[in-house]
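Taking it in order: structure first as structure tokens, then the write-up.
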Amino acid sequence: MSDWNEYAVIPDRPPSLDKKGFRRAIIPAPVKGNWRKFRDYFYYILICIFLLTPWLNYNGKQLLKLDLSTRQFTVLGQTFFAYNAPSIFIFFITFVFSIAYITYKYGRIWCGMACPQTVFIDKIFRKIDKFVEGNYLQRRKNDQAPLSFNKVLKRIMRWTLYIVFSSFIAHTFTAYFAGAKELLYITMESPAHNWSLFLWVQFLTAIFTFNFGWFREQFCLIACPYGRFQSVLMGKKTSTVVYDFKRGEPRKSKGVKTTEVGGDCINCLRCINVCPTGIDIRNGNQMECIGCTSCIDACDEIMQKVKKPKGLIRFSSEEEIESQNFKRISFLPIAFLLIIFTLILSGISYFTLNRPIAHIKVLRAIDTPYRVVQENGRDYILNHFKAHITAQSSSDIIIEKIELAGNYEIIAPYLPLKIKSSKDKWVHFFIKTEKRSIQENKKKLNINFNVVMKQNYLIYPKEVIFLSP
Ligand code: SF4
Ligand code: SF4
């Protein structure tokens, strides 16, 4: 067990590998402190947001649904369609730039504070470990103990719980895309009715079980694309979790009592012991550091014990450490970004709440450009059109009729037609007129779609070209 701490500090070896290069489970020690307290509350709030959002409804619709198959995105009861792509694009681009800017300013703060990977591992899967195998010391002991009946039993219990929670996360994740109601409905049925979705959820459960149960911090170190990017985005001015080497070095030997000689680091290895990625922050900024702040709390605890000022490990920049000119960390840029986000969201909300209740696109149907029919010895010309109508409203709409002034007649056999909120339908209709009444300059026709929603009656004018011989 003592070996755990020793080989964690050997440089040039990933902390998740043992001496032979095999996977070594990183079992961090618990820590107390202000950052830990903040993260506890914040993680629970995030867990509620991540796991409850798709199961809640607002305005009769799922709170957040990203239906890729129909290209419809529902956010807070409002549905965005494929033709609303500019709003979605603006939001997405702002989000990407904000993350890049936050990384430049504060390093990998997203990873340590808000990433679902960190939050779920910390608050669900490590809790399972503790529940089944006891505190971190017992878990480390179990991990290194030879195989026994007791060890196998605990492993089975642990992995069973992992599968249960991973399955719930997989269902919740799928509900964001497939819809919570639809998913519940499908889940009640036999898998034979929906093999593809059933297999997808099982596949996700397997991936999540593997990731949260075994792969864990290696995802952040090896697989996460954002993690690989951060070294490009961070610089000497980036405020992140750093060790004040000017104050800490030369560190004291392990086990030797604090004296006035040397730096403030007493080499207790507590900062490594609590690190979920198993690194030694005293080696400088590392890609493996997810900015979780555990080592800050851990070292502050030690500094208090040895009666030294807190902050040997702190949020600061390399530049500040070198110059020893520390400034108060400012969260103004985050406030500024929040204002920009609020403005953009207000703009999108205003646009969404004030958009027309129906989106109508009229196309010529795919058949002959016109048709000549005879009725009572007279020639009539018919043009076939189709309208794609989407109900953008939060209530159902009725396409009551299509009107056209003059010598033209509209033949729309399927009207009136009800379209449910956020759904779309194609409406086929014909424009008919007597051949001799067609005037060359009257080929551009303005037709009106009469749409009813609740008590409101709205008219949507559309222009079509009438073709004739
Ligand atoms: S916790 Fe602080 S004192 Fe202990 S080894 Fe880490 S930096 Fe040094
Ligand atoms: S070095 Fe500190 S901040 Fe970075 S991951 Fe380890 S404990 Fe968290």
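Does Gln230 satisfy being surrounded by 12 or more Cβ atoms within 10 Å (Cβ to Cβ), out of contact with any Lys or Arg (no Cβ under 9 Å at 6 or more places or on another chain) and either over 25 Å from Pro15 (Cα atoms) or of a type outside the set (A, V, I, L, M, F, W, C) (or both)? Please lay out each step first, then the result.
Working: surrounded by 12 or more Cβ atoms within 10 Å (Cβ to Cβ): yes; out of contact with any Lys or Arg (no Cβ under 9 Å at 6 or more places or on another chain): no; either over 25 Å from Pro15 (Cα atoms) or of a type outside the set (A, V, I, L, M, F, W, C) (or both): yes.
Criteria not met by Gln230.
Return the only residue of Ser346, Ser394, Ser421 being in contact with a Gly (Cβ under 7 Å, 6 or more places away or on another chain) and either at pLDDT below 85 or closer than 22 Å to Phe92 by Cα (or both).
Ser394
Any residue that is within 30 Å of Gln286 (Cβ to Cβ), small (Gly, Ala, Ser) and within 21 Å of the chain's Cα centre (by Cα) - is there at least one of those in segment 232-252? Show your work before the answer.
The initial filter retains those residues of segment 232-252 that are within 30 Å of Gln286 (Cβ to Cβ), namely 232-252.
Okay, now just the ones that are also small (Gly, Ala, Ser), so 235, 239, 248.
After this cut, where a residue has to be within 21 Å of the chain's Cα centre (by Cα) as well, the list is none.
No, every residue in segment 232-252 fails to be within 30 Å of Gln286 (Cβ to Cβ), small (Gly, Ala, Ser) and within 21 Å of the chain's Cα centre (by Cα).
Report yes if Phe315 is assigned by TED's automatic domain parsing to the domain that holds Ile222 and away from ligand 1 (no atom under 15 Å from the Cβ), otherwise no. Write out each step before concluding.
On the way: assigned by TED's automatic domain parsing to the domain that holds Ile222: yes; away from ligand 1 (no atom under 15 Å from the Cβ): no.
Criteria not met by Phe315.
Of everything in segment 316-342 that's closer than 14 Å to Phe245 by Cα and in contact with a Phe, Trp or Tyr (Cβ under 8 Å, 6 or more places away or on another chain), which residue is farthest from ligand 2 (Cβ to nearest atom)?
If we take residues in segment 316-342 being closer than 14 Å to Phe245 by Cα and in contact with a Phe, Trp or Tyr (Cβ under 8 Å, 6 or more places away or on another chain), then Glu320 is farthest from ligand 2 (Cβ to nearest atom).
Go through (1) within 16 Å of ligand 2 (Cβ to nearest atom); (2) surrounded by fewer than 19 Cβ atoms within 10 Å (Cβ to Cβ); (3) not aromatic (Phe, Trp, Tyr) one by one and return the number of the condition Gln304 breaks.
(1)
Quick one: count up the residues across segment 142-156 that are without any contact (Cβ under 8 Å) to a residue 24 or more places away in the chain and part of a helix (DSSP H, G or I).
The qualifying residues number 9.
Report every pair of residues separated by at least 6 positions or lying on different chains whose Cβ atoms are under 7 Å apart, first residue within segment 253-280 and in a helix (DSSP H, G or I), second more than 16 Å from ligand 2 (Cβ to nearest atom) and modelled with pLDDT under 65.
Short answer, once both residue conditions are applied: none.
Which pairs turn up if I take residues in segment 157-169 that are over 12 Å from Phe208 (Cβ atoms) and look for partners that are part of a helix (DSSP H, G or I) and not charged (D, E, K, R) with beta carbon separation below 6 Å, at least 6 apart in sequence or on another chain?
Met157/Val132; Arg158/Val132; Leu161/Ile128
Specify which of the listed residues (Ile186, Ile121) is without any contact (Cβ under 8 Å) to a residue 24 or more places away in the chain, crowded, with 17+ Cβ neighbours inside 10 Å and in a helix (DSSP H, G or I). Let's see the steps before the verdict.
On the way: Ile121 fails: without any contact (Cβ under 8 Å) to a residue 24 or more places away in the chain.
So the residue among Ile186, Ile121 that is without any contact (Cβ under 8 Å) to a residue 24 or more places away in the chain, crowded, with 17+ Cβ neighbours inside 10 Å and in a helix (DSSP H, G or I) is Ile186.
Could you give me the residue pairs with C-beta distances under 9 Å whose first residue belongs to segment 297-308 and is assigned by TED's automatic domain parsing to the domain that holds Val274, whose second residue is more than 15 Å from ligand 2 (Cβ to nearest atom) and assigned to a helix (DSSP H, G or I) wherever it lies, and which are 6+ apart or on separate chains?
Asp297/Lys37; Lys308/Arg247
The values are calculated or read from the model by the stated rules, or taken from the named source; none is laboratory data. Remember, predicted model here, so these are calculated numbers, not experimental data. When we count neighbours, we look across all protein chains shown, and the Cβ atoms used for this are built from the backbone with ideal geometry, even at glycine.
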